[in-house]
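The values are calculated or read from the model by the stated rules, or taken from the named source; none is laboratory data. All values derive from a computational prediction rather than experimental measurement. Cβ atoms come from the backbone with ideal geometry, glycine included; neighbour counts cover every protein chain shown.
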Amino acid sequence: MQKSLRLGAFLLISVLAVSCDSSPVEDPGEDEGPYPSLSRRATFPVGVALQARHLNIPAYTSVLEHAFNSITAEYEMKARTIWQGPGRYNWTAPDRLVSYAEGQDMRVHGHALVWHSSTPDFIQNFSGTDEEFEGLVRDYITAVVSRYKGRIASWDVVNEAFADGSGLIRNSPFRRYMGTDFVTRCFEYARAADPDLLLFYNDYGTIWDQRKREAMFSMIDDFLARGVPIDGIGLQMHISHDWPSMTQMRQTVDGIVERGLRVHISELDIKINRHGDLEAPTDERLESQKRRVQDIVSMFRQIPEHLQHGITFWGLRDPDSWLINFEGRPEWALLFDENYDPKPAYFGFLEAL
Ligand code: XIL
């Protein structure tokens, strides 16, 4: 009896020792595949935005599982998809994404609870009282956060609250019914639903739009002074190979770090055809895109490790990018080409690690 116990303990210790030894994160020697994995080499999460339908494409999931360890829903965790009416929710796509990530040991970054641009019609056309409106928003945030409590590590609680060029809170039903301080209460509702959840404010333009940047930092300072919960800032970074400057990027990142918040490069894509002069990518632009990725990864690695929330690309392959529709011209802004092959930018990322 005693002997078998001792043998059992020995086996258990051996198994633990072997599993510690072969930790895939730390050991690039374990890194098999046609090219090295980003997520196995990086010391921070490397993410991609996707749609549930991508999980049906084996070529897609094999690249995803090889190179990345964090996912964000491109739109299926936004209110227009989930929020069908008061107390009525559609969990199909988000449930699928979350269970997939759990099976793959990937992190899920939730995006986004409150966004003026993904608001269901019954909220957009709301005509009741302020109290009724706020009750709906509170219930929605509580329902979504609670459903994925302990399974989603972090959420963008509010997305793009500030207007371009003025730093004022943009006009939306949230501002009209809850006041310019609506962001505060959204963060409080999220924290109440899951005290361990990391709460992010996410926006674009906080690098190059000075008024927006200042407005965001005053909001953060106000949150910190009043004890309003916030853990990090998402920088969308829909940028170009030659714009904006690294100095500007660093200024915003430094401001976040100085305030002790996490930095998430949350929606990275790097345009090489901003002026529409290309019909196909040129080697020169692809090299320039590669240097940009290198610079961004190097800058990100300067952030104290506990504040590095990760770098997330807004799509996997060039043709998957939202920019093609949004900008209405050809673009090649991501890390993989249409054949799922890594581009120079992918190797730029690796070289900067
Ligand atoms: C975009 C998605 O990529 C599209 O598929 C969707 O139709 C609209 O939204 N800023 C954000 C993202 O915070 O949610 C947006 O994603 C891109 C801009």
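Considering the conditions (1) over 30 Å from Met249 (Cβ atoms); (2) crowded, with 20+ Cβ neighbours inside 10 Å, Phe182 is excluded by exactly one of them, (1). Within region 109-156, the set of residues being without any contact (Cβ under 8 Å) to a residue 40 or more places away in the chain and either in contact with a strand residue (DSSP E or B) (Cβ under 9 Å, 6 or more places away or on another chain) or not β-branched (Val, Ile, Thr) (or both) comprises Asp121, Phe122, Asn125, Ser127, Gly128, Glu131, Glu132, Gly135. As a summary of the residue check, Asp254 satisfies the conditions (1) in contact with a Phe, Trp or Tyr (Cβ under 6 Å, 6 or more places away or on another chain); (2) within 23 Å of Val158 (Cβ to Cβ); (3) of a type in the set (Asp, Glu) except for the one numbered (1).
Looking at this structure, is Phe182 of a type outside the set (Val, Ile, Thr), more than 16 Å from the ligand (Cβ to nearest atom) and touching a Gly at 6+ places or on another chain (Cβ under 7 Å)? Criteria not met by Phe182. If you go through region 97-151 and keep only what is farther than 30 Å from His66 by Cα and of a type in the set (Ser, Thr, Tyr), you end up with Ser117, Ser118, Thr119, Ser127, Thr129, Tyr140, Thr142, Ser146. The residue list Ala67, Ala59 contains one member that is touching a residue at least 24 places away in the same chain (Cβ under 8 Å) and surrounded by 15 or more Cβ atoms within 10 Å (Cβ to Cβ), which is Ala67. For beta carbons closer than 9 Å, sequence separation of 6+ or different chains, a first residue in region 212-226 that is farther than 12 Å from Asn202 by Cα and a second that is part of a helix (DSSP H, G or I) and among the aromatic types (Phe, Trp, Tyr), the qualifying pairs are Phe223/Phe187. Hey, Ser166 hits all of (1) more than 16 Å from the ligand (Cβ to nearest atom); (2) farther than 29 Å from Gln104 by Cα; (3) in contact with a strand residue (DSSP E or B) (Cβ under 9 Å, 6 or more places away or on another chain) but one; which does it fall short on? For Ser166, the failing item is (3). For region 224-247, the tally of residues that are under 25 Å from Gly47 (Cβ atoms) and surrounded by 15 or more Cβ atoms within 10 Å (Cβ to Cβ) stands at 15. Considering Ser245, Ser240, the condition of being within 30 Å of Tyr60 (Cα to Cα) and among the hydroxyl-bearing types (Ser, Thr, Tyr) is satisfied by Ser240 alone.
Anything in region 21-45 that is modelled with pLDDT of 75 or more and in a loop (DSSP other than H, G, I, E, B)? List them, or say none.
Passing the criteria: Gly33, Pro34, Tyr35, Pro36, Ser37, Ala42, Thr43, Phe44, Pro45.
Considered as a group, the residues in region 70-89 that are within 11 Å of the ligand (Cβ to nearest atom) and basic (Lys, Arg) include one that is surrounded by the fewest Cβ atoms within 10 Å (Cβ to Cβ), and that residue is Arg80. Entry remark, region 46-72: residues being part of a loop (DSSP other than H, G, I, E, B) and in contact with a helix residue (DSSP H, G or I) (Cβ under 7 Å, 6 or more places away or on another chain) number 2 in total. Just so you know, in region 297-348 the residues that are buried (at least 21 other Cβ atoms within 10 Å of the Cβ) and on the phi > 0 side of the Ramachandran plot include one that is farthest from the chain's Cα centre (by Cα), and it is Gly315. Going through (1) under 19 Å from Arg107 (Cβ atoms); (2) within 16 Å of the ligand (Cβ to nearest atom); (3) out of contact with any His (no Cβ under 7 Å at 6 or more places or on another chain); (4) not basic (Lys, Arg) one by one, His238 falls short only on (1).
Only one of the listed residues (Gly165, Gly103, Gly135, Gly110) is in a strand (DSSP E or B) and small (Gly, Ala, Ser). That residue is Gly110.
Give Val63, Val98 a once-over and let me know the one that is touching a Lys or Arg at 6+ places or on another chain (Cβ under 6 Å), away from the ligand (no atom under 16 Å from the Cβ) and not aromatic (Phe, Trp, Tyr).
Matching residue, one of Val63, Val98: Val98.
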